[in-house]
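Here is the structure we will look at.
The values are calculated or read from the model by the stated rules, or taken from the named source; none is laboratory data. Remember, it's a predicted structure, so these values are computed and weren't measured experimentally. Every residue, glycine among them, receives a Cβ derived from its backbone with ideal geometry; neighbour counts consider all protein chains shown. Just so you know, the surface numbers come from the protein's heavy atoms only, side chains and all, with ligands and any DNA or RNA stripped out. Shrake-Rupley method; radii C 1.70, N 1.55, O 1.52, S 1.80 Å.
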Amino acid sequence: MMSRAPHILVVEDESPLVEVLRYNLELEGYRVSVATDGREAIERVHGDPPDLVILDWMLPEQSGLDVCREIRRDPLVKTLPIIMLTARGEEADRVRGLGAGADDYVVKPFSPSELLARVRAVLRRSTTASPDETLVHSGLAMDVAAHRVTRDGQTIHLGPTEFRLLRVLLKRPGRVFSREQLLDLAWGRDAEVDLRTVDVHIRRLRKAINLPGTSDIIRTVRGSGYALAD
Ligand code: CA
């Protein structure tokens with residue numbers, strides 16, 4: 001059913017292990033991206049949403065457990081499948097990992113085939129029950145996995161930033177997002193981007209999705225931000 005290669009984000013700071021994971025995952029046909037700490041992981045999760053995250057427990061600064069909790073608290077990405085990696089094998093740690101919201105748990109050292117089996121199993125579960133693969137609102141439809149947007153059946157071409165912005169708005173039609181929130185959600189926390197950049201991309205997004213004869217689907221809320229019109 002999935003026509004493109006599933007995208008897996010590996011969050012691990014030990015480069016030899018990253019290379020082993022990348023090699024084996026790519027061999028299986030997955031697309032792999034890498035983050036080496038929690039902050040980078042969160043940015044990547046928003047910037048180029050993966051289908052699954054392999055998340056190491058031991059990371060510099062923020063632990064993998066904290067990253068897992070942060071993803072689960074974030075309404076935009078909270079259903080993202082997560083497999084935690086850890087050197088700890090104790091039952092208490094396993095319970096903590098799963099309690100933080102991980103879908104599965106693999107103890108180091110593990111064989112590549114063991115991890116790949118878990119990856120396949122978790123991906124299979126998530127694709128049969130993915131709640132937000134298609135976002136629909138008043139004539140707009142976004143197929144998140146295929147990166148395709150239509151309005152009234154007509155294909156709309158969006159740049160990557162406009163796509164992410166629209167995805168944020170489409171997840172909560174009617175809700176007003178401040179420019180700061182849009183920056184956080186569409187660019188990632190700590191992005192070195194001026195707030196006015198949000199206005200520039202909203203303008204581009206409007207131009208792309210407001211076809212001749214259709215109403216403006218993005219509402220500007222003076223002094224507050226933007227919302228998708230009801
Ligand atoms: Ca590590």
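Taking into account only those residues within region 2-38 that are touching a residue at least 40 places away in the same chain (Cβ under 8 Å), under 20 Å from the mean Cα position of the chain (by Cα) and away from the ligand (no atom under 16 Å from the Cβ), which is most open to solvent (accessible area, probe 1.4 Å)?
Among those that are touching a residue at least 40 places away in the same chain (Cβ under 8 Å), under 20 Å from the mean Cα position of the chain (by Cα) and away from the ligand (no atom under 16 Å from the Cβ), it is SER3.
Looking at region 161-171, is at least one residue touching a residue at least 24 places away in the same chain (Cβ under 8 Å), over 24 Å from PRO75 (Cα atoms) and not assigned by TED's automatic domain parsing to the domain that holds THR79?
Keep residues of region 161-171 that are touching a residue at least 24 places away in the same chain (Cβ under 8 Å), which gives 161-162, 164-171.
From the residues that got through so far, the ones that are over 24 Å from PRO75 (Cα atoms) too are none.
No; the residues of region 161-171 include none that is touching a residue at least 24 places away in the same chain (Cβ under 8 Å), over 24 Å from PRO75 (Cα atoms) and not assigned by TED's automatic domain parsing to the domain that holds THR79.
Please count how many residues of region 2-43 are of a type outside the set (A, V, I, L, M, F, W, C), outside any loop (DSSP other than H, G, I, E, B) and over 23 Å from THR134 (Cβ atoms). Spell out the reasoning first.
Taking region 2-43 as the starting set, the residues that turn out to be of a type outside the set (A, V, I, L, M, F, W, C) are 3-4, 6-7, 12-16, 19, 22-24, 26, 28-31, 33, 36-40, 43.
Pick out the ones that are also outside any loop (DSSP other than H, G, I, E, B) and you get 7, 15-16, 19, 22-24, 26, 31, 33, 38-40, 43.
This time we only want the ones that are over 23 Å from THR134 (Cβ atoms), so: 15-16, 19, 22-24, 26, 33, 38-40, 43.
Of the residues in that region, 12 qualify.
For ILE42, indicate whether it is at negative phi and touching a strand residue (DSSP E or B) at 6+ places or on another chain (Cβ under 6 Å). I'd like the intermediate steps shown before the answer.
Details: at negative phi: yes; touching a strand residue (DSSP E or B) at 6+ places or on another chain (Cβ under 6 Å): no.
Considered against the rule, which asks whether it is at negative phi and touching a strand residue (DSSP E or B) at 6+ places or on another chain (Cβ under 6 Å), ILE42 comes out as no.
Would you mind finding the one in GLU91, GLU61 that is surrounded by fewer than 23 Cβ atoms within 10 Å (Cβ to Cβ), among the charged types (D, E, K, R) and free of Cβ contacts under 8 Å to residues at least 12 places away in the same chain?
Values: GLU61 fails: free of Cβ contacts under 8 Å to residues at least 12 places away in the same chain.
Within the list GLU91, GLU61, the selection yields GLU91.
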